[in-house]
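A short worksheet on the structure shown next.
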Amino acid sequence: MKYGELAEAAWTWVLDQVQWDDDGPWIPEFLGAEKPTEFLHGTYTGVGGLAYALAEIELTRPWTTAERELADGIAARVRGSIPTESSISFFDGLVSSIGVLTVLGEPGVDAAVERALEIGTATGWQEGFLAESDSYEPGAVCNDLTLGTGGVLLGALWAIRHGVPAHELADRAIERLLAEQEETAAGVNWLFVPRRYLREPPPLEMPNLTHGLAGIAAVLALAGAELDRPELIETARLGAEHLITMGRSAGGGFEVPRAVPWSERHGDEYTYNWCHGPAGTALLFDALEYAGVDAVAGVSSATWRQRLLDAVRHSGIPKRLHPGFWDNDGRCCGTAGVADAFLTSYQRTNDPADLAFATHLADTLVANAGSSPYWRFLEHKNDDPLLPPGIGWMQGAAGIATVLFRFEAQTTAVPRMDNWWPVQKVGPPTK
């Protein structure tokens, strides 16, 4: 099956899963699941993520009437959630809402920024899962890019780039991140949750893009460049200096453990995806390069980026080397996210090796779908390891299909708050 043919079939299947209530469209997390009890409007598995799919699809063909109605319904649902939203997260909260509304070109971002200011406390933004956990003291906050203060800053910068005055929100996030940094022998570091909130130290660190040092340093580098604050760029560089001491050279590249300290319960010590692997962590060095940082630990930002991508290329993915290794085809944790990153890299550098690897990954997505218009991941610890097919953007058919749309038409990715700094170096999309 060709890329475009499978992409359209998968997207049609996604549309068949969309349901409507009084507040607008929603989707279950996976085929056969009940209606979610929260975050129906979110990016990760909610209907908000379909906005990103719609934006990618519009690069290859006009929307149908049904797709236009879906886009309008998503925007209405997201706007309706803002006044009572208590989560800040990039995945499902107010930062998610900023991303969804901007990619659709819809109003409401200013309201999301105002709500984010309202729910912030003197120490940051509190997520419900922290309060419900026995691992943290009351009032705990996150520092990271997807659930915490780093994500607040990312959302504020994206709003500013779209003409929404979010400088107060950006300043508050920056203040909290600078207050929470920890000096190290090599530079600076941030924990997922600040040390003073931990009931059982030593802390578990997840130093790659989504929940740790790499993501926080990346957004500080972007903030320094966007807001003309060179001290933030220097702080980001010091974060990268420390990150390098946490990693290893392997297979001609460079990689950082998914968790520190690692134990067998975390799965493989190294993975290669967007969330906890080099495919995502390379975005830190894209951000440093964007901010004008010439070198980290005596090596150029561009070289570190290439080393991280080389680690992915020589890791063995997308083969399933053993149970638990590379059992996922999604954007967040699997093949689609890596394919997307390598296609963007090729469009920047014209390196044929990037295109060859990206194409190999895209071909694997086609093969893994088989005769179905969706993908089923594996959970090797289950008695029945084959999981039901996911539907949404980060872990489902919507996100995977849009990668295949890109391969069919060789389009540039739609700029999003989590990718604009490498994407903007590519040039205009090809239609």
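Worth a mention:
- Tally of residues being over 24 Å from F91 (Cβ atoms) and either basic (K, R) or without any contact (Cβ under 8 Å) to a residue 60 or more places away in the chain (or both) across the stretch 324-367: 18
- You will find that of A179, A217, the residue that is at pLDDT 95 or above and either open to solvent by 40 Å² or more (accessible area, probe 1.4 Å) or over 20 Å from the mean Cα position of the chain (by Cα) (or both) is A179 and no other.
- E234 meets the conditions (1) open to solvent by 30 Å² or more (accessible area, probe 1.4 Å); (2) touching a strand residue (DSSP E or B) at 6+ places or on another chain (Cβ under 6 Å) in every case but one. The failed one is (2).
- Across the stretch 144-156, the number of residues qualifying as aliphatic (A, V, I, L, M) and open to solvent by less than 10 Å² (accessible area, probe 1.4 Å) comes to 4.
- Residue match in the stretch 158-174 (condition: of a type outside the set (A, V, I, L, M, F, W, C), in contact (Cβ under 8 Å) with a residue 60 or more places away in the chain, assigned to a helix (DSSP H, G or I) and open to solvent by less than 10 Å² (accessible area, probe 1.4 Å)): no
- Criterion violated by M206 - all others in (1) within 25 Å of R237 (Cα to Cα); (2) buried (at least 24 other Cβ atoms within 10 Å of the Cβ) satisfied: (2)
- Residues that are of a type in the set (G, A, S) and open to solvent by 40 Å² or more (accessible area, probe 1.4 Å) number at least 3 in the following helices (runs of 4 or more DSSP H) confined to the stretch 8-109: 65-81.
- Residue list for the stretch 264-295, filter: closer than 22 Å to L227 by Cα and either at pLDDT 95 or above or of a type in the set (A, V, I, L, M, F, W, C) (or both): L283, L284, F285, D286, A287, L288, E289, Y290, A291, G292, V293, A295
- Verdict on V312 being over 19 Å from L404 (Cα atoms), open to solvent by less than 30 Å² (accessible area, probe 1.4 Å) and either without any contact (Cβ under 8 Å) to a residue 40 or more places away in the chain or over 19 Å from the mean Cα position of the chain (by Cα) (or both): no
For (1) small (G, A, S); (2) modelled with pLDDT of 95 or more; (3) out of contact with any Pro (no Cβ under 8 Å at 6 or more places or on another chain); (4) open to solvent by 10 Å² or more (accessible area, probe 1.4 Å), each residue gets a yes or a no:
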residue	(1), (2), (3), (4)
W326	no, yes, no, yes
R331	no, yes, yes, yes
T335	no, yes, no, no
D340	no, yes, yes, yes
P352	no, yes, yes, yes
A358	yes, yes, yes, no
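- Filtering the stretch 1-54 to residues that are over 24 Å from R416 (Cα atoms) and among the polar types (S, T, N, Q) leaves Q17, Q19, T37.
- Residues located in the stretch 110-134, provided they are surrounded by 13 or more Cβ atoms within 10 Å (Cβ to Cβ) and in contact (Cβ under 8 Å) with a residue 60 or more places away in the chain: L130
Condition check ((1) closer than 22 Å to F405 by Cβ; (2) under 23 Å from the mean Cα position of the chain (by Cα)) across all residues:
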residue: G4; (1), (2): yes, no
residue: E8; (1), (2): yes, no
residue: D16; (1), (2): yes, no
residue: D22; (1), (2): no, no
residue: E29; (1), (2): no, yes
residue: E34; (1), (2): no, no
residue: F39; (1), (2): no, yes
residue: T43; (1), (2): yes, yes
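- Residues located in the stretch 392-417, provided they are in a loop (DSSP other than H, G, I, E, B) and out of contact with any strand residue (DSSP E or B) (no Cβ under 6 Å at 6 or more places or on another chain): G392, W393, M394, Q395, Q410, T411, T412, A413, V414, P415, R416, M417
- The combined condition, being open to solvent by 10 Å² or more (accessible area, probe 1.4 Å), at pLDDT below 95 and part of a loop (DSSP other than H, G, I, E, B), is fulfilled by T430.
The values are calculated or read from the model by the stated rules, or taken from the named source; none is laboratory data. Predicted, not measured: the structure shown is a model, and the values here were computed from it. Using ideal geometry, Cβ is built from the backbone for each residue, glycine included, and neighbour counts are taken over all protein chains shown. When the accessible area is computed, the model is the full protein with side chains, heavy atoms only, and any ligands, DNA or RNA have been set aside. Shrake-Rupley method; radii C 1.70, N 1.55, O 1.52, S 1.80 Å.
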